[in-house]
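Below is one structure; the comments refer to it alone.
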Amino acid sequence: MQLIVLGSGSPLPDPRRAGPSTLVRTEVGDLLFDCGRGVLMRAAAVAAGAPALRALFLTHLHSDHITDLNDIVTTRWAMSLQPNPLTVYGPVGTGAVLRGVEMMLEPDIGYRLAHHDDLGWGPSALVEEVAAGIVLEDGAVRVTAAPTDHSPVRPTVGFRIEDSGRSVVVAGDTVPCAGLDELCAGADVLVHTAVRRDLIEAIGLPRLTDVLDYHSSVEDAARTAARGEVGSLVLTHLVPPPAPGAEQEWIDLAAAHFDGEVVLASDLTTVDCPG
Ligand SMILES: [Zn+2]
């Protein structure tokens, strides 16, 4: 299994960081977790693409985590030589969002169907709304969901991916909670979104300070990693984005609470988990 952070950014547009998205390459294919701004550009850099995705998983329906859902739907459809429904697992509400995306794409779908004689079908998605428990089991690969706490955004889910005895947890946006602790227990890698409480408080803008209510700080993420006795903590969705040269500060803040390896993600940061 291999984990690639496709986008390590946040809602704030950043020339160096795409929006939140994590690719997990498994025995049964590529699993994509969230699809923020620029996801398919970053996926192309590692020879991954929309047509071959085994499944897409959404941790929640905040816009920055689904910005490029329409790009995935369209690209998968237009680049596939036969009907190739996209399997999407996400919290309650995911089906309505997919229907909205398909509605937004209606003119485009009409143009392409009229123009390409060999394209006789529209895009389609198989949506499964999930809350807890095993959501995918295929060979040596199992994906389990558990509820997280990103209140007032509800519902939200985190995922644990197991492949050939190794395990990766994708937390999404959440404060520390029992559901995430359950997913993390003994995992090899935890990918966790994180914000810098100290810097955000110092900036003092109310719209920014609000995000502290429902995100984990670097220290919170590190304490979650420590409780779960995970092997490595990968910090992503970094708010505010680390100033060049300040990366070690983030790592030191986490290392004060967690003894394992701490990785501060950039786009395309890769962690191998050989089975
Ligand atoms: Zn969020």
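The values are calculated or read from the model by the stated rules, or taken from the named source; none is laboratory data. Since we're looking at a predicted model, the values are computed, not measured. Cβ atoms come from the backbone with ideal geometry, glycine included; neighbour counts cover every protein chain shown.
Consider the range 132-167. How many of its residues are assigned to a loop (DSSP other than H, G, I, E, B) and more than 16 Å from the ligand (Cβ to nearest atom)? Explain how you work it out, then say what you get.
So in the range 132-167, the residues assigned to a loop (DSSP other than H, G, I, E, B) come out as 132, 139-140, 148, 151-152, 154-156, 164-165.
Keeping just the survivors that are more than 16 Å from the ligand (Cβ to nearest atom) gives 132, 139-140, 164-165.
Counting residues in the range 132-167 that are assigned to a loop (DSSP other than H, G, I, E, B) and more than 16 Å from the ligand (Cβ to nearest atom) gives 5.
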*Quickly run through the range 208-251 and pick out the residues that are more than 15 Å from the ligand (Cβ to nearest atom) and on the phi > 0 side of the Ramachandran plot.*
229, 245
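Inspect all residues belonging to the range 95-104 and state whether any of them is within 16 Å of the ligand (Cβ to nearest atom) and either at pLDDT 95 or above or over 30 Å from residue 174 (Cα atoms) (or both). Show your work before the answer.
First, pick out the residues of the range 95-104 that are within 16 Å of the ligand (Cβ to nearest atom): 97.
Cutting the leftovers down to either at pLDDT 95 or above or over 30 Å from residue 174 (Cα atoms) (or both) gives us 97.
Checking the range 95-104: at least one residue is within 16 Å of the ligand (Cβ to nearest atom) and either at pLDDT 95 or above or over 30 Å from residue 174 (Cα atoms) (or both).
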_For the range 1-17, give me each residue that is under 17 Å from residue 61 (Cα atoms), among the small types (Gly, Ala, Ser) and outside any strand (DSSP E or B)._
9, 10
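Here's the yes/no breakdown for (1) under 22 Å from residue 214 (Cα atoms); (2) aliphatic (A, V, I, L, M); (3) out of contact with any Leu (no Cβ under 6 Å at 6 or more places or on another chain):
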{"position": "95", "(1), (2), (3)": "no, no, yes"}
{"position": "127", "(1), (2), (3)": "no, yes, no"}
{"position": "173", "(1), (2), (3)": "yes, no, yes"}
{"position": "176", "(1), (2), (3)": "yes, no, yes"}
*What number of residues in the range 84-126 are assigned to a helix (DSSP H, G or I), among the hydrophobic types (A, V, I, L, M, F, W, C) and loosely packed, with under 15 Cβ neighbours inside 10 Å?*
5
*Members of the range 65-85 found to be without any contact (Cβ under 8 Å) to a residue 60 or more places away in the chain and under 15 Å from the mean Cα position of the chain (by Cα), listed by number*: 66, 67, 68, 69, 72
*Identify all residues within the range 168-200 that are out of contact with any helix residue (DSSP H, G or I) (no Cβ under 7 Å at 6 or more places or on another chain) and either in a helix (DSSP H, G or I) or without any contact (Cβ under 8 Å) to a residue 40 or more places away in the chain (or both); write none if there are none.*
177, 178, 179, 182, 183, 198, 199
